[in-house]
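Working notes, structure below.
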Amino acid sequence: MMFEHPAFDSHEQVVHASDEETGLTAIIAVHDTTLGPGLGGTRMRAYDSEEAALNDVLRLSSAMTAKAAAADLELGGGKAVIIGEPEKKDEALLRAYGRAVDRLAGRYITSVDVNTDVSDMDIIADETPYVTGRSDGLGDPSPITAQGVMYGIRACIEQVTGRQSLADVHVAIQGLGKVGTNLAEELLDRGATVSVTDIHDDHLEPFEEVSDARIVEPDSIYDVDCDVFAPCAFGGAVNDETIPRLNCDIVAGAANNILASESRHSQVLHDNDMLYVPDYVLNAGGLITVATEYFGGTREEAFAEAQQIESRVHRLIEQAKEQDITVLESAQRYVENRLATTSQQPTQAVSSR
Ligand code: NAD
């Protein structure tokens, strides 16, 4: 039953979309449109069951509300899943999906996610204007995400040490993919030292000859004696097994859902004097990029917006100190407050001629 579902979280609307001719089976979840239309990517996956797909889409869509609100965007939370083998994705299926998005009349805006890319968004755009992350858009968001994370790390360093510079700061980066590689370069450019790891040796190559970069084995990254541990590979990297091994003052990275158990592990890190800033605050550069594209902005504007993450992190940490709460709780309160104050504003009357 939907309303009793553990991940239901008072979703405004959950739509099951199907199309017999193309075999489309999709779920579109619109969590909260208080601040604006729900924006979130569409992922395609051969889920084991409809229940698994529903669970994923509800969880991800609620998370988008928090990410957009924390990033001061005029957007709500939404997400969609297409159930099926990604290899079966074709133009007819994507067009049918585009029509399903269109029927929501702008309450949901879609974009790229796991197993969907810019060329898929181009096809969807033939059926609906409510799509962003297109091939003629602002391009790969990863450098903007990485820059946002770097600014967030700089704010954390200032809060912990009082220093306004990243020079000689040591950051251990787990995962040298699109974000991790850009983050390592941003940090090195600012005089930091990085320890880096990846399960793919070719991702390490660009750092082999770099004097301020140390390459470590994937499992050793948790033990690095450093200032910042930056997970940029997968969710759940910080958990009951890895926390006792961490040798850092700050946990701040790009991966979604860094903490295996969000509120409990945030408290454990806090109790162990490790500063943790929620990933959705730090990695908002990706959302900022597709949102900026949707509203007709430029890549430069998206980079400028991602810089705001630095002041946002300062504000959240200061509030956490004042109220003696974790930074996660501080971010949650900020999100709740934004939603509450916006929903209390009277709806503008539409004048009729
Ligand atoms: P990616 O797939 O390009 O990079 C992930 C990297 O992690 C790969 O190089 C992979 O080989 C490596 N990796 C996987 N398992 C590993 C392990 N056990 N140890 C070490 N390395 C390992 O992904 P990405 O786009 O760089 O994103 C990284 C994370 O940030 C993801 O969790 C993603 O959801 C999140 N994120 C990305 C963006 C963006 O703009 N790309 C925005 C927001 C959040």
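Things to note:
- A dipole drawn for the chain from +1 and -1 charges on Cβ atoms has a positive end, and of 171, 182, 345 the residue lying farthest that way is 345.
- The helix-based estimate of mean residue ellipticity at 222 nm for the chain, built from -39,500 (n - 2.57) per DSSP H run of four or more residues and divided by its residue count, is -13000 deg cm²/dmol to the nearest 500.
- Net +/- balance of residues flanking residue 66 in space, Cβ distance below 11 Å, scoring K and R +1, D and E -1: -3
- Here residue 89 is the anchor, and the lysines within straight C-alpha reach of less than 19 Å, apart from those fewer than 8 places off in the same chain, are 79.
- For region 199-283, relative contact order (Cα pairs under 8 Å, six or more residues apart, normalised by length) works out to 25 percent.
- Reach of residue 178 by Cα under 15 Å, taken over aspartates and glutamates that are not fewer than 8 positions away in the same chain: 113, 117, 140, 186, 198, 201, 202, 205
- Distance between the pseudo-spin-label points of residue 211 and residue 3 (7 Å out from Cα toward the beta carbon): 6.8 nm.
- GNM flexibility winner over the chain from 87, 217, 262 (Cα, springs under 10 Å): 87
- Per-residue 3J(HN,Hα) values for region 224-232, derived from phi via the Karplus relation 6.51 cos²θ - 1.76 cosθ + 1.60 with θ = phi - 60°, read 5, 6, 8, 7, 10, 9, 10, x, 10 Hz in sequence order (x marks Gly and Pro).
- Size of electric dipole in region 131-289: Cβ of Lys, Arg +1 and of Asp, Glu -1, about Cα centre, debye, nearest 20: 620
- Assigned charges on the beta-carbon of Lys, Arg, Asp, Glu; the chain dipole about Cα centre (debye): 1320
- Positive-end residue, region 10-132 charge dipole about Cα centroid, Cβ charges, pick of 31, 124, 86: 31
- Cα gyration tensor of the chain - equivalent ellipsoid semi-axes, whole Å, descending: 34, 24, 20
- Cβ-based exposure ranking for 258, 250, in which fewest neighbours within 10 Å come first: 250, 258
- Sorted ascending by nearby beta carbons within 10 Å, beginning with the fewest, 134, 333 become 333, 134.
- Computed magnitude of the charge dipole of region 1-110 (debye, nearest 20; Cβ of K, R +1, Cβ of D, E -1): 280
- Near the amide H of residue 276, within less than 5 Å, lie the amide hydrogens of 251, 327, all on another chain or at least 5 residues away, with H placed in the peptide plane.
Here, each number is a calculation from the coordinates, and none is a lab measurement. Just so we're clear, the structure is a prediction, and the values are computed from it rather than from any experiment. So basically every Cβ, Gly included, is an ideal-geometry build from the backbone, and we count neighbours across all protein chains shown.
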